[in-house]
Amino acid sequence: MIQLQRNYQNDCSVTNSESGQLQILTYEEYVTLARIPYCEGISNRVVNALHLRVGHTDLSVEQIASDLGLTKRTLQRRLQQQNTNFAELRDDIRFHYAIKYLINDRMSVDIVSKALDFSDRTSFTNAFKRWTGLSPSVFRKLFRDQA
C-alpha cells in the first residue's frame, strides 16, 4: 500500500511557539519537500501523464483519465484503492514544477500559474503559500541565487 499524503503546511512552515514567527527552511529543504514521491501502479501512470502535460496543456482529471484510456470514475476508484487521489498527485507535480519554474527557469509568477494549469495567479499563490508558507514572489527573492 502506498501512502502519498502530505501536509505541506506542517512540513514547510515551522512556527516557533514562543514568538509565533514562521521559520523559513533552506532551499534544499524545500526542494526535498517538492520531490515527487515514488509511486507504483495507477499512481505512477498518473504521475507520468501529468509530467507529459505539465507546462503544455490541461491537467484535469478528465484529460489524464482519457490519456490513460480510463473513465474519470474508474481512475478515481483505482487511485482510492491505493489510498491517494488525483488532487494529491497533481499537487505533488505542481509543487515540484513551481519551484523549478520560479528558481531554475526564472519564469514570472503569472506564467508559472498558467503553466501549472491554475485558474488564475491568486489560486497559484494560495497553493504555493500552503506548500511553503511563503508567497511565490517572496520565495523567489529569498532563493533566486540558488539555481
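The values are calculated or read from the model by the stated rules, or taken from the named source; none is laboratory data. Since the model is a prediction, treat every value here as computed from it, not as a measurement. With ideal geometry, Cβ positions are generated from the backbone for all residues, glycine too; neighbour counts draw on all protein chains shown.
Given the residues Arg90, Arg78, which is the only one that is surrounded by 14 or more Cβ atoms within 10 Å (Cβ to Cβ) and more than 15 Å from Leu59 (Cβ to Cβ)?
Values: Arg90 fails: more than 15 Å from Leu59 (Cβ to Cβ).
After applying the criteria, what remains is Arg78.
Out of curiosity, is Leu70 of a type outside the set (S, T, N, Q), more than 19 Å from Leu33 (Cβ to Cβ) and not in a helix (DSSP H, G or I)? Give the derivation first.
Values: of a type outside the set (S, T, N, Q): yes; more than 19 Å from Leu33 (Cβ to Cβ): yes; not in a helix (DSSP H, G or I): yes.
It is true that Leu70 is of a type outside the set (S, T, N, Q), more than 19 Å from Leu33 (Cβ to Cβ) and not in a helix (DSSP H, G or I).
Can you name the number of the only condition in (1) under 30 Å from Leu142 (Cβ atoms); (2) surrounded by 13 or more Cβ atoms within 10 Å (Cβ to Cβ); (3) out of contact with any Leu (no Cβ under 8 Å at 6 or more places or on another chain) that Tyr97 fails?
(3)
Quickly run through region 21-72 and pick out the residues that are under 27 Å from Phe143 (Cα atoms) and among the hydroxyl-bearing types (Ser, Thr, Tyr).
Residues satisfying the conditions are Thr26, Tyr27, Tyr30, Thr32, Tyr38.
Looking only at region 115-138, filter to residues that are free of Cβ contacts under 8 Å to residues at least 12 places away in the same chain and surrounded by fewer than 16 Cβ atoms within 10 Å (Cβ to Cβ); which one of those is farthest from the chain's Cα centre (by Cα)?
Checked region 115-138; the qualifying residue farthest from the chain's Cα centre (by Cα) is Val138.
Looking only at region 93-122, count every residue that is part of a helix (DSSP H, G or I), within 21 Å of Val46 (Cβ to Cβ) and not aliphatic (A, V, I, L, M) and tell me the total.
Start the filter on region 93-122 by keeping residues that are part of a helix (DSSP H, G or I), which leaves 93-104, 109-115, 121-122.
Those still in the list that are within 21 Å of Val46 (Cβ to Cβ) too: 93-101, 115.
From what's left, not aliphatic (A, V, I, L, M): 94-97, 100-101.
Number of matching residues: 6.
When you scan region 54-74, do you find a residue that is of a type outside the set (Asp, Glu), at pLDDT below 95, at positive phi and within 16 Å of the chain's Cα centre (by Cα), even just one?
yes
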